[in-house]
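Reviewing the structure listed below.
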Amino acid sequence: MVVSGTPPTTNPALPAPPRRGSSIAARLFWAVGLPASLIVVALGALAWRTTTTAVQESLTRELRATVQAAASSVSVRSASTLIEGSEDTAAYRRTVARLRQIASFTGSSRVLLVDEGERVLADHEGKLAIGTPAPRVALDRVELASARTGTPAVSAPFALDDGRRFLAAYARLPLPQDELAAPDGERAFPIIVLVLEAPAVALDAADATARKVAVLVALAVLLVAASSLVVARTITRPLLRLAAEAGRLGKGELADPLSVPAGDDEVARLGATLERMRKALVDRDAERQMMLAGIAHEVRNPLGGMELFSGLLEEGLVELPAEAVSGPVKDELVNQAQRVRKELRYLTGVVNDFLAFARDTPLQKEPVDVAALLDDVATLCRREGTARLLVQVEGVGAVELDRNRIKQALLNLVENALSATPVDGTVTLRAEHGDGRLALVIDDTGKGMDAATLERVWTPFFTTKEKGSGLGLPLVRKLARDHGGDARIRSAPGEGTTVTLEVPT
Ligand SMILES: Nc1ncnc2c1ncn2[C@@H]1O[C@H](COP(=O)(O)OP(=O)(O)OP(=O)(O)O)[C@@H](O)[C@H]1O
Ligand SMILES: [Mg+2]
């Protein structure tokens, strides 16, 4: 019975695993983690901008009022008398003293009076000579022009070399009432502008706060990324576990209940559905097995009768008198009767194997002398024209086993090994006992198996032999599992095969 060409229905090819990039975890990160991080960053930037603008506006407002108040405390009359070289005059000293007062009241780093030609008339330290081009004012022409028309103005913040930031504020010294009414060109007093350079400490404080906000934003982004990863994991981990369990179902391993995630969410419901499916498959298998066992049982009885009668027929033909049938015809008839009996014996063997596989026969355990058992099996299998058969057992005493069924399993394993091993090869039967386990090992130096064969050898009815049932190895595994153990195979083409039947003791 050769079924090796048919793919096993219990182990269909599994779909290729999904690409890593398209995993749920990755998708969740892109769909939730990334937008949430972007929103946090955008909110952080908005908060920083709003705060800085508000602080700057409030500073500008305050400074505008301050510069205007300060300008009204300086006498335009005295200031207008300052001309180049008049640094020694009382008017100059009074003006400088006033500017120093303003500097100290307002905390300004520089206070100047600037004439219409953007030249210094006086500064709060009295260091700049009258007529010196006023520092920086060229950069604030718009503000200067606004101040000249009577509207105080404040520049954009600027930083000095030491990194501190300042705002420059401009206001015109007020003219006496009668002067204001006079038309342009007929005024007795020139237009003089007071310039304050005040440190923008509040802006620096706002920046320090912004840096703290940036750190918080970075932490929030990390938190969002980490939590989307954790959420993804909590979703994907049970899914991966279910996928592994479903893979077990796919391989036909239906005996043990699936370990499904607890709870009432979608994944748990999927798990429960898979578990129901497993139970339904187990029931269906049991039903099918019972039906087939029933048929096999019904077939076995007539098969026994047919084998018996074909034997009788063979004997009858052998005993036919020479005058009833000619010699060559008789030989041919005897030969055909023998072939019928041989085929019937093979069929009975297959049916018996199948019944042993399909039925749950209770184990009949008894103390078994393992060394004697292996010797017995080797003696039964040793014959002319096969590979050398060795038994290696040391220090293994009696173990509780179902003697007949273990023997049957070992006979199949040794027959498998012998049929795969050339005459000059070796088949070794070993037993290892210890740590609460007994391992029966059948090792051969035969042709071995390729990966495709190895994957299917435990499937019932898989065989590569003309006259094989393909039930030998499934029976070995069933027997091992009935004893609470298992069976394993290690094999490679051209390197021989090792089958281990392991049971707890
Ligand atoms: N020791 C081995 N070396 C190489 N191939 C093996 C070996 N044991 C088993 N096989 C492969 O596994 C298949 C299944 O073995 P199994 O014992 O289940 O059935 P079988 O030997 O084909 O049939 P039966 O046991 O009824 O005679 C074999 O047909 C063979 O291809
Ligand atoms: Mg076999």
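The values are calculated or read from the model by the stated rules, or taken from the named source; none is laboratory data. Here the structure is a predicted model, which means the values were calculated and not measured. Backbone-built Cβ (ideal geometry, glycine too); neighbour counts: all protein chains shown.
Looking at L144, L112, L167, which one is surrounded by 15 or more Cβ atoms within 10 Å (Cβ to Cβ) and outside any strand (DSSP E or B)?
Of L144, L112, L167, the one residue that is surrounded by 15 or more Cβ atoms within 10 Å (Cβ to Cβ) and outside any strand (DSSP E or B) is L144.
So G436 passes all but one of these: (1) in contact with a Ser or Thr (Cβ under 7 Å, 6 or more places away or on another chain); (2) touching a residue at least 60 places away in the same chain (Cβ under 8 Å); (3) within 16 Å of ligand 2 (Cβ to nearest atom); (4) outside the structural domain of A293 (by TED's automatic domain parsing). Which condition number does it fail?
(3)
Mind listing just one residue for me: the one in the range 342-380 that is in a helix (DSSP H, G or I) and either touching a Gly at 6+ places or on another chain (Cβ under 6 Å) or of a type in the set (V, I, T) (or both) and, of those, surrounded by the fewest Cβ atoms within 10 Å (Cβ to Cβ)?
Selected residue: T379.
Can you tell me which of (1) within 29 Å of N352 (Cβ to Cβ); (2) touching a residue at least 40 places away in the same chain (Cβ under 8 Å) is the one T379 doesn't meet?
(2)
Quick check on the range 417-430. Is at least one of its residues away from ligand 2 (no atom under 16 Å from the Cβ), more than 30 Å from T464 (Cα to Cα) and surrounded by fewer than 16 Cβ atoms within 10 Å (Cβ to Cβ)?
The answer is no; no qualifying residue exists.
Would you confirm whether or not the range 255-272 contains a residue that is outside the structural domain of W30 (by TED's automatic domain parsing), without any contact (Cβ under 8 Å) to a residue 24 or more places away in the chain, under 15 Å from S23 (Cβ atoms) and not β-branched (V, I, T)?
Checked against the condition, which is being outside the structural domain of W30 (by TED's automatic domain parsing), without any contact (Cβ under 8 Å) to a residue 24 or more places away in the chain, under 15 Å from S23 (Cβ atoms) and not β-branched (V, I, T), the range 255-272 yields no hits at all.
Yes or no, residue by residue, for (1) touching a Phe, Trp or Tyr at 6+ places or on another chain (Cβ under 8 Å); (2) in the same structural domain as R278 (by TED's automatic domain parsing); (3) in a helix (DSSP H, G or I):
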residue	(1), (2), (3)
L219	no, no, yes
L223	no, no, yes
S227	no, no, yes
A232	yes, no, yes
L240	no, no, yes
A246	no, no, yes
G252	no, no, no
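From V396, V391, grab the single residue that is touching a strand residue (DSSP E or B) at 6+ places or on another chain (Cβ under 8 Å), more than 16 Å from ligand 1 (Cβ to nearest atom) and at pLDDT below 90.
V396
Given the structure, is L401 buried (at least 19 other Cβ atoms within 10 Å of the Cβ) and away from ligand 1 (no atom under 13 Å from the Cβ)?
Yes; evaluated as a whole, the condition is true for this residue.
Residue pairs, Cβ under 6 Å, 6 or more apart or interchain, first in the range 421-433 and at pLDDT below 95, second within 16 Å of ligand 2 (Cβ to nearest atom). List them.
none
Quick grid of which residues meet (1) within 30 Å of L34 (Cα to Cα); (2) under 21 Å from the mean Cα position of the chain (by Cα); (3) modelled with pLDDT of 85 or more:
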position: A232; (1), (2), (3): yes, yes, no
position: L239; (1), (2), (3): yes, yes, yes
position: A255; (1), (2), (3): no, no, no
position: G263; (1), (2), (3): yes, no, no
position: G271; (1), (2), (3): no, yes, yes
position: R276; (1), (2), (3): no, no, yes
position: R284; (1), (2), (3): no, no, yes
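Taking the range 63-92 only, how many residues are part of a helix (DSSP H, G or I), farther than 30 Å from R164 by Cβ and not polar (S, T, N, Q)?
4
Could you please tell me which pairs satisfy a Cβ distance under 6 Å, a separation of 6+ or placement on different chains, a first residue in the range 440-458 that is of a type in the set (A, V, I, L, M), and a second residue that is assigned to a strand (DSSP E or B) and within 7 Å of ligand 1 (Cβ to nearest atom)?
Pairs found: I442/V499; M449/S491; L454/S491.
Here's the yes/no breakdown for (1) modelled with pLDDT of 90 or more; (2) within 16 Å of ligand 2 (Cβ to nearest atom); (3) surrounded by 16 or more Cβ atoms within 10 Å (Cβ to Cβ); (4) of a type outside the set (A, V, I, L, M):
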site	(1), (2), (3), (4)
G252	no, no, yes, yes
A280	yes, no, no, no
G294	no, no, no, yes
P302	yes, no, no, yes
E314	yes, no, yes, yes
E332	yes, no, no, yes
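Of all the residues that make up the range 443-485, how many are within 7 Å of ligand 1 (Cβ to nearest atom), of a type in the set (S, T, Y) and within 35 Å of the chain's Cα centre (by Cα)?
Number satisfying all stated conditions: 1.
Any idea which of (1) surrounded by fewer than 17 Cβ atoms within 10 Å (Cβ to Cβ); (2) closer than 25 Å to V503 by Cα; (3) within 12 Å of ligand 1 (Cβ to nearest atom) is the one A409 doesn't satisfy?
Every condition holds for A409 apart from (1).
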